Amino acid sequence: MSEMLKKIAQKRRTFAIISHPDAGKTTLTEKLLLFGGAINQAGAVKARGENRRARSDWMKVEQERGISVASSVMSFEYGGCSFNLLDTPGHEDFSEDTYRVLTAVDSVVMVIDCAKGIEAQTKKLFEVCRLRDIPIVTFINKLDRDGQDPFALLEEIEQTLALEVSPCAWPIGMGRDFKGCFDLRQDRLNLFEKTDKGALPAIGEIIEGIDDARLDALLPSDLVKNLREGVEMVRALCKPFDETAYLEGYQTPVFFGSAIHNFGVRELLDALVSFAPSPRPQTTVTRSVKPDEEKVTGFVFKIQANMDPKHRDRIAFMRVCSGHFKRGMKLWHQRTQKQMIIHNPVMFLAQDRELAEEAYAGDIIGLPSHGGIRIGDTFTEGESLMFKGIPSFAPELLQKVRAVDPLKAKHLSKALEQIAEEGGASVFKPTVGSDWIVGVVGALQFEVLADRIRTEFDVPVIFEPTTYFTARWIAGEKADIDKFIALNHATMAVDHDGAPVFLTRNAWHLNKAIEDFPKISFLKIKE
């Protein structure tokens, strides 16, 4: 059995795409699905009617604003492998969701706009990948537009991210003069042609090395000269691709292309088939769980409510870490210490879903839930395990929230608790007063929350400033915590799990508490 599980796991590729907003991440996601045969027409943002938004941006607020604010999961087959692609929010105000998604993947594709290079959000997300030693493939996008010199981009990646680069392709021209790429791995010339949205580009011409005379026949002489010089310099200055260095997170293979024109996407997918890691062992508090273990284990890294507005449902996204999951299985829910029968697990293509009859290590399945499952929950076939590293972050911005109609206060409580359980925001109930306090990482989240509470729960709300500066979870011995709460009653609250939270009025207030209560931990991150 474990030999079979090992073979199946080796054919799984679970990865996320990270980038700064507008680098072309959602477009690339779509084109990967197109090459994987999961969709037959890319729903470009500018298309009309039903095709107006990309497959992975399905929330009403995403469609109206043209940004990704929730992570989507998409499964497809390509090159003999089963892919689980997690698209993440590009907007920095929704980075918490992205951090959690990165706990559930084995590798990452980093998308960089060739004109802008490394941007703030890319750098922030890269740091999370580095903390987890996640292997990264780089895709430099929008080569059909004028951008920075390729060598300058490679140098920026090396300098800014301290990451060794190994180009697997080299661009020929840029912007209006962009003619394609030379595939350095396979000595193949891939000529750029603008394709119809649903059409896949032709497989490139096989060339016998960079000195092949056929290059002179296929390309203008000045571009051939620049290409040969560029490839010579790349081979002299950059280390050849080293799979071990990539898997350990020290080196990134670099691809160039134009996702909107489907160019460079096939080469990227082929590379993921060739060397992206299959499911890796996952760390728990007590031991490491290997993907070929026979017993099923998994953890919940995301909860999404109202994916289908008609059913007011809630789906918990679970990463399967080991074993062979079958529909109808009984799994042990570690936090509640109860057995759960998983009757209707689902697999995804963004909002579309189908029943998951089975799943293996690396797969992402959805568990329909009515509020009993939380982010970070562990499921096993009986063993007591707790997976590590699924974070909640202390909010940087706090506001009071109230319903426009006071009679809907109860509905508001329900909506806030549901959003908190999804990880969409931190929600605190102060011990003094009746107001709810909502905490977020970025200001745009308040707008999105107001929009969601209005459209999904039919409760128009008003967000108002509060006197609080920041929030910290408190941890320590029970006697110390009880004493702290008694002395700081007016600035205490509880979160949706009932955990105690200290709401501080300013930086001095927080520092004074840290100084006065050395036995208490004031936590910015809660796992």
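Structural remarks
- Taken over the stretch 237-259, the criterion of being open to solvent by less than 70 Å² (accessible area, probe 1.4 Å), part of a helix (DSSP H, G or I) and more than 19 Å from residue 147 (Cβ to Cβ) is satisfied by 245, 246, 247.
- When residues of the stretch 260-278 are limited to those that are over 14 Å from residue 186 (Cβ atoms) and not in a helix (DSSP H, G or I), the one most open to solvent (accessible area, probe 1.4 Å): 278
Yes/no per residue for (1) among the aliphatic types (A, V, I, L, M); (2) in a helix (DSSP H, G or I); (3) at pLDDT below 85; (4) closer than 30 Å to residue 285 by Cα:
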{"residue": "328", "(1), (2), (3), (4)": "no, no, no, yes"}
{"residue": "332", "(1), (2), (3), (4)": "no, no, no, yes"}
{"residue": "367", "(1), (2), (3), (4)": "yes, no, no, yes"}
{"residue": "399", "(1), (2), (3), (4)": "no, no, no, no"}
{"residue": "410", "(1), (2), (3), (4)": "no, yes, no, no"}
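- Scanning the stretch 158-186 for residues that are of a type in the set (D, E, K, R) and either surrounded by fewer than 19 Cβ atoms within 10 Å (Cβ to Cβ) or outside any strand (DSSP E or B) (or both) returns 158, 164, 176, 177, 179, 185.
- Residue in the stretch 161-173 that is in contact with a His (Cβ under 9 Å, 6 or more places away or on another chain) and more than 24 Å from residue 275 (Cα to Cα) present: no
- Which numbered condition residue 77 misses (of (1) at pLDDT below 85; (2) open to solvent by 10 Å² or more (accessible area, probe 1.4 Å)): (1)
- Of all residues in the stretch 143-183, exactly one satisfies the criterion of being without any contact (Cβ under 8 Å) to a residue 12 or more places away in the chain and hydrophobic (A, V, I, L, M, F, W, C), namely 162.
- The single condition from (1) open to solvent by 60 Å² or more (accessible area, probe 1.4 Å); (2) within 22 Å of residue 81 (Cβ to Cβ); (3) modelled with pLDDT under 90 that residue 222 fails is (2).
- For the stretch 418-463, filtering for residues that are free of Cβ contacts under 8 Å to residues at least 12 places away in the same chain and either assigned to a helix (DSSP H, G or I) or in contact with a Leu (Cβ under 8 Å, 6 or more places away or on another chain) (or both) leaves 2.
- Residues of the stretch 99-155 that are among the acidic types (Asp, Glu), open to solvent by 20 Å² or more (accessible area, probe 1.4 Å) and within 23 Å of residue 243 (Cα to Cα): 127, 133, 155.
- Residue check for residue 525: open to solvent by less than 30 Å² (accessible area, probe 1.4 Å), in contact (Cβ under 8 Å) with a residue 40 or more places away in the chain and closer than 30 Å to residue 317 by Cα: no
- Verdict on residue 57 being modelled with pLDDT of 50 or more and crowded, with 19+ Cβ neighbours inside 10 Å: yes
- Whether a residue is surrounded by fewer than 21 Cβ atoms within 10 Å (Cβ to Cβ), among the small types (Gly, Ala, Ser) and within 30 Å of residue 289 (Cβ to Cβ) was assessed, and residue 426 does not pass this test.
- Conditions (1) modelled with pLDDT under 90; (2) assigned to a loop (DSSP other than H, G, I, E, B); (3) open to solvent by 10 Å² or more (accessible area, probe 1.4 Å); number of the one not met by residue 354: (2)
- Taking the criterion of being among the hydroxyl-bearing types (Ser, Thr, Tyr) and open to solvent by 50 Å² or more (accessible area, probe 1.4 Å), the only residue of the stretch 359-389 that qualifies is 384.
- Among the residues of the stretch 487-522, those that are closer than 20 Å to residue 434 by Cα and either open to solvent by 80 Å² or more (accessible area, probe 1.4 Å) or in a loop (DSSP other than H, G, I, E, B) (or both) comprise 488, 489, 495, 496, 497, 498, 499, 505.
The values are calculated or read from the model by the stated rules, or taken from the named source; none is laboratory data. No experiment lies behind these values; they were computed from the predicted model shown. A quick note on method: Cβ atoms are made from the backbone with ideal geometry, for glycine too, and the neighbour counts reach across all protein chains shown. Surface areas here come from the heavy atoms of the whole protein model, side chains and all, with no ligands, DNA or RNA. Shrake-Rupley method; radii C 1.70, N 1.55, O 1.52, S 1.80 Å.
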